[in-house]
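The values are calculated or read from the model by the stated rules, or taken from the named source; none is laboratory data. Note that this is a predicted model, so its numbers are computed, not measured. Positions of Cβ are generated from backbone atoms using ideal geometry, with glycine treated the same way; all protein chains shown enter the neighbour counts. For accessibility, only protein heavy atoms count, side chains too; no ligands or nucleic acids. Shrake-Rupley method; radii C 1.70, N 1.55, O 1.52, S 1.80 Å.
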Amino acid sequence: MALQRQLLKKARFGNYHNTLPLCGSSFSTVPSSSSVAAASDDAPPPQLPPFDHSPRPYRGPLADQVFQKRKQFLGPSLFHYYQKPLNIVEGKMQYLYDENGRRYLDAFAGIVTVSCGHCHPEVLEAIVEQSKVLQHATTIYLHHAIADYAEALASKMPGNLKVVYFVNSGSEANELAMLMARLYTGNLGMISLRNAYHGGSSGTLGLTALNTWKYPIPQGEIHHVVNPDPYRGVFGSDANRYAKDLQDHIDFGTSGKVAGFMAETIQGVGGAVELAPGYLKLVYDIVHKAGGVCIADEVQTGFGRTGSHYWGFETQGVIPDIVTMAKGIGNGLPMGAVVTTPEIASVLAQKIQFNTFGGNPVCSAGGLAVLRVIDKEKRQAHCTDVGSHLLDRLRALQQRHEIIGDVRGRGLMVGLELVTDRSEKTPAKAETAVLFEKLRELGVLVGKGGLHGNVFRVKPPMCFSKDDADFLVDALDYAMSKL
């Protein structure tokens with residue numbers, strides 16, 4: 001209980017869009033023993049699936065030294081996971097290794113960033129080979145890498161989404177999208193959802209709607225409407241009632257005209273919340289009638305992670321006016337992009353618009369390699385297959401453990417919300433913190449999300465296997481059985 005109280009003090013950090021994170025190829029569909037029977041007190045802990053990789057001997061500074069230097073020289077706003085911070089020194093596909101060579105299952109992919117797998121050989125080769133020839137030149141000169149990459153990325157987009165702007169992060173992409181919306185429409189007001197996370201820059205903090213991330217600064221002409229959350233939302237899964245709330249907000253809270261609407265299809269930092277079915281189609285129509293454009297934030301849901309579709313917005317049957325992306329776009333490279341129509345893109349030509357590092361040769365080569373690996377290794381279909389298996393097992397686990405209030409998501413973008421009372425949906429803050437530590441001890445690294453930090457975010461590299469899924473669920477079962 002002392003540990004539980006101690007961890008509860010730190011629960012305010014739990015909603016971070018969350019830390020951490022050749023591929024395992026097993027496709028076994030046979031449930032492991034702990035999926036059939038409860039983990040008894042004397043049952044041995046589950047073991048990581050076998051993996052053919054030996055980490056290099058590590059001779060660098062140890063965790064205590066690194067932590068001390070970090071506290072001395074890096075900003076105090078940084079926080080870390082776990083009571084004893086992990087010193088991660090190597091990664092290979094869906095696994096990470098600490099300073100002692102211990103292997104962990106990375107079920108969070110460096111905050112939903114490692115798409116193909118840590119140090120994927122084909123992505124690495126593209127980066128290294130380009131680095132040997134030319135690292136940087138900017139777009140004031142011609143170079144084929146950025147043009148080749150833009151062409152390949154545009155080919156993945158539906159409709160007339162054919163013009164690409166390259167930036168360096170998701171926050172930067174969302175800033176640029178908001179600028180485009182305001183310039184194109186001539187309006188200022190932006191609408192986003194409560195519980196949304198769209199970045200940490202001074203502009204995107206306005207779009208973000210979680211108090212744990214918002215500094216007390218002016219957020220501009222930005223409005224937040226009721227979140228269409230099927231689990232906690234006031235209207236359940238009724239998309240029509242949520243859409244009416246947005247219409248009411250435009251009618252009574254604005255001039256009647258807006259610049260745009262931005263939403264994640266599955267909210268990431270907010271706890272893997274998938275929007276009510278049909279919501280975006282209704283809302284996009286309302287926003288267009290109010291003179292605005294519709295922006296899909298695909299920073300976490302893009303590139304096949306949802307399994308059923310390449311882009312998250314496709315799960316709602318819509319085509320946005322602007323799409324933003326980052327994270328999985330580069331498998332760890334600092335990259336982001338905004339894709340829009342030629343008509344909307346043209347508004348930026350009225351002034352000089354330039355990005356020093358956006359689309360540099362190394363990132364463009366790496367990004368193109370990511371697209372090719374996702375296609376070659378059929379990662380979208382893999383996310384459907386493994387994600388369905390994982391969700392089935394988690395829902396079976398929910399029947400055994402009352403603490404699991406909700407299992408949600410699709411593909412390999414999954415959330416597990418923990419509550420102390422299913423009827424009241426009381427967030428299990430302390431219990432989540434205890435289980436979080438226990439999972440680390442067992443060799444599983446997950447993320448945390450939601451305003452109260454009571455949602456486990458399972459968003460691993462897309463090479464995550466069914467054996468990995470079984471191990472993760474077995475570890476959860478083992479840990480929950482000992483609460």
**Study point:** Carbon/sulfur fraction of accessible area - the chain, other protein chains in place, 1.4 Å, %
**Key:** 54 percent
**Study point:** the range 63-157: relative contact order in percent, alpha carbon pairs under 8 Å with at least 6 residues between
**Key:** 16 percent
Revision key, fill the gap. Spelling it out for residue 299: with amide H atoms placed in the peptide plane at 1.01 Å from N, the residues 5 or more places away or on another chain with amide H under 5 Å from its amide H are 326
Study note, to complete from the structure: Taking r as the C-beta separation of residue 58 and residue 395 and R0 as 45 Å, the FRET efficiency to the nearest 0.05 is 0.70
Point to revise | Share of alpha-carbon pairs per 10 Å distance bin for the range 121-377, given as whole % | key: 7, 31, 36, 19, 6, 1
Exercise for review: Mind checking the range 405-483 for GluC sites (Glu not before Pro) that DSSP puts in a loop (not H, G, I, E or B) and that have at most 15 other Cβ atoms within 10 Å?
Suggested key: 424
Practice item. Whole number in Å², please: accessible area per residue of the range 121-377, 1.4 Å probe, ligands, DNA and RNA not counted. Key: 40 Å²
Check your understanding: Translational D (Stokes-Einstein, µm²/s) of the chain at 4 °C and 1.567 mPa s when Rh comes from the Kirkwood sum over C-alpha pairs?
Key -> 56 µm²/s
Point to revise | Relative contact order (%) - the range 121-377, alpha-carbon pairs under 8 angstrom, separation at least six | key: 29 percent
Review point. Spin-label point model (7 Å from Cα, Cβ direction): what's the residue 79 to residue 43 distance in nm?
Key: 3.2 nm
Exercise for review: Enumerate by residue number the trypsin sites (Lys or Arg not before Pro) in the range 91-196 meeting two conditions: DSSP loop (anything except H, G, I, E, B), and at most 15 other Cβ atoms within 10 Å of the site's Cβ.
Suggested key: 102
Practice item. Give the cross-link partners of residue 425 among the aspartates and glutamates, using a straight C-alpha distance below 20 Å as the criterion and excluding same-chain residues fewer than 8 apart. Key: 229, 238, 274, 402, 406, 417
**Study point:** residue 252 paired with residue 441, simple spin-label distance in nm, labels 7 Å along Cα-to-beta-carbon
**Key:** 5.2 nm
